[in-house]
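Please read the structure below before turning to the comments.
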Amino acid sequence: MTDTTPAASIDDFIHADHDNHTYAPAVLVSANFNNKQFAAAFYEQYSVYCPPAMIKASSKRQAEYFAGRYLAAEAMASYDMHNFKLIADANRCPLWPSSLVGSITHTNNYAACIAANKADIAAIGIDAQDILSDERAERLQSRIIDSAETRIISQSELSAALGLSLCFSAKEAIYKALYPRIQQYFGFNAAKLHSIDTAANTFSFRFDPALMVLHTDRNLLTLRYQINEQRVQTCLILPATRK
């Protein structure tokens, strides 16, 4: 990073929106951000750790990474966790404070972080994706869902492209939530779409029982989803087991 003089203030680049209700007891912090107003100096100014690999990345990639980690700092501050150095492991999985679980996502000038106390939430994953075009959805469909999942989408009120966008996002959210506990790679076929409730904006996935270590209710995972004109966002929250 060569330019250390901010071209604009942080408020010109990003403004965080805190949501303490939608996913309570988790806290969601999200924002749209403006790549053109990003300055590399923000990393140092706001105590956001910049890994060595990011120093040589494009300005767009630096902005995306900073936005996600900046919102993560905001989310952790909700739990009185300040100035925590959020690094990632060898598989690029964020290493959260021992008392928290969290997840970060970003896509096309939008970023979000969700975090919660580990005493309340055992695992959490969030993912946002731009809605796929019909052409791209047709090209990617066989890599993300199988014929049974395709049939479930076709029987719902969702278009094929929107349904696939949601499944893509959901399977990413499932991976983000479960990988830190399972510590084992799994692909799109490990979670199969089981049902969609468009009235409640939820859908469920049957997860590979050989991998499941957190959830015992017939290995079904229920996610919530949100849709706007540009993107979808999905979130998986697994409550902690009360002793």
Selection within the range 71-114 - assigned to a strand (DSSP E or B) and more than 12 Å from the chain's Cα centre (by Cα): Ala88, Leu100, Val101
Among the candidates Leu211, Leu193, Leu162, Leu223, residue that is outside the structural domain of Thr22 (by TED's automatic domain parsing), part of a loop (DSSP other than H, G, I, E, B) and either more than 21 Å from Ala26 (Cα to Cα) or modelled with pLDDT of 95 or more (or both): Leu211
Asn35 vs. criteria touching a Lys or Arg at 6+ places or on another chain (Cβ under 6 Å) and surrounded by 12 or more Cβ atoms within 10 Å (Cβ to Cβ): yes
Pairs where the first residue, in the range 170-185, is closer than 22 Å to Tyr225 by Cβ and in the same structural domain as Asp130 (by TED's automatic domain parsing) and the second is of a type outside the set (Lys, Arg) and assigned to a helix (DSSP H, G or I), C-beta under 6 Å, 6+ apart: Lys171/Phe188
When residues of the range 230-243 are limited to those that are farther than 16 Å from Ala191 by Cβ, touching a residue at least 40 places away in the same chain (Cβ under 8 Å) and not hydrophobic (A, V, I, L, M, F, W, C), the one surrounded by the most Cβ atoms within 10 Å (Cβ to Cβ): Gln233
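To keep it simple, each residue is scored yes or no on (1) surrounded by 12 or more Cβ atoms within 10 Å (Cβ to Cβ); (2) more than 21 Å from Ala177 (Cβ to Cβ); (3) of a type in the set (D, E, K, R).
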| position | (1), (2), (3) |
| --- | --- |
| Cys50 | yes, yes, no |
| Ala53 | no, yes, no |
| Lys56 | no, yes, yes |
| Ser59 | yes, yes, no |
| Glu74 | yes, no, yes |
Lone unmet requirement of (1) outside any loop (DSSP other than H, G, I, E, B); (2) surrounded by fewer than 20 Cβ atoms within 10 Å (Cβ to Cβ) for Asp127: (2)
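The values are calculated or read from the model by the stated rules, or taken from the named source; none is laboratory data. Values in this document were obtained by computation on a predicted structure and should not be read as measured data. Because the Cβ atoms are built from the backbone with ideal geometry, glycine has one as well, and the counts that use them run over all protein chains shown.
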